[in-house]
Amino acid sequence: MQDVEQEKARELIGRIVSATGWSVTEIARKAGLSPSTLTRIYPQPTVNYTLSTRTLAKIRAVFPTPDLDDVAPRVADMRQPFIAQPSATISVFALGMLADASADAQMTVPADFEFYAANLEDSKTQQIPQLAVMDKERFFAAYMPGDAMEPRFRAGEMVLIDKVRPAAIGGDVFVALNTNDGKQVVTVAKLIERDRNQITLLQHRYDVEMHIHRSQVENIYPIVALFEDRF
């Protein structure tokens, strides 16, 4: 049983390497793991070592892949070629830094907390080789314009947003505000608290929190993946 689970985990890493062209070290960093966690199983596995359920969940959260549970393990023959999934084409939005976040967001904004200007009705479509998504209407992407979420997200990286999955406490989220003047103002942060009256967000680099009344929140979506723009 251990060998079967090890082979499934090894095949998962192999699929991601083949689809992205990234090294195992890059994949581990993106998933928030130590490189040795993956190098111990790919390309040559360590005896009696496999990936935990929690580790696999981290990898799949960043690199959505077809479920391998129904794939028969190919222990005897690893020469079968990788079959790439079709690349997804989704809407990608450009965000811009706000010069006066308090004025544009129409609330008092703590120093170093970033809000961004957005035009969510004007987007470009782009193929994402790392991503195979059949329901393209469910997802959209945006480039990170600032560094407030480092080291989780870096400026210039693209984040994938899910319009269907509920946002969870402790997860990274994309928040769009209600504004009286029609401006589209958004932010990216970690959702650390939510009740009937307000949500509380945290941006990592400067460890700064922001409280937003629920009446000022138009939408809150979870961020489900990130990748560097290598296209």
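Listing for the model above:
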| read-out | value |
| --- | --- |
| Gyration tensor (alpha-carbon) shape descriptor, region 1-59, a/c threshold 1.5 | prolate |
| Förster-model FRET efficiency, 25 Å R0, Arg205 and Glu5, C-beta, rounded to 0.05 | 0.10 |
| Extension gain from Ser36 to Arg60, taking 0.36 nm per residue of separation minus the Cα-Cα distance | 6.9 nm |
| Tensor-based shape of region 136-201 (alpha-carbon gyration tensor, a/c under 1.5 rounded, otherwise prolate or oblate) | rounded |
| Gap separating the Cα centres of region 8-46 and region 198-219, nearest whole Å | 34 Å |
| Protection proxy ranking, peptides 154-162, 180-188, 96-104, average beta carbon neighbours within 10 Å, highest first | 154-162, 180-188, 96-104 |
| Listed residue pairs exceeding 22 Å between alpha carbons, taken from Lys163/Lys183; Lys8/Lys190; Lys8/Lys163 | Lys8/Lys190; Lys8/Lys163 |
| Heavy-atom accessible surface of region 145-223: percent carbon and sulfur, 1.4 Å | 41 percent |
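The values are calculated or read from the model by the stated rules, or taken from the named source; none is laboratory data. Because the structure is a prediction, the values reported are computed rather than measured. FYI the Cβ positions are ideal-geometry reconstructions off the backbone, even for glycines, and counts take in every protein chain you see. For the accessible areas, the whole protein counts, side chains as well, though only heavy atoms, and no ligand, DNA or RNA atoms are used. Shrake-Rupley method; radii C 1.70, N 1.55, O 1.52, S 1.80 Å.
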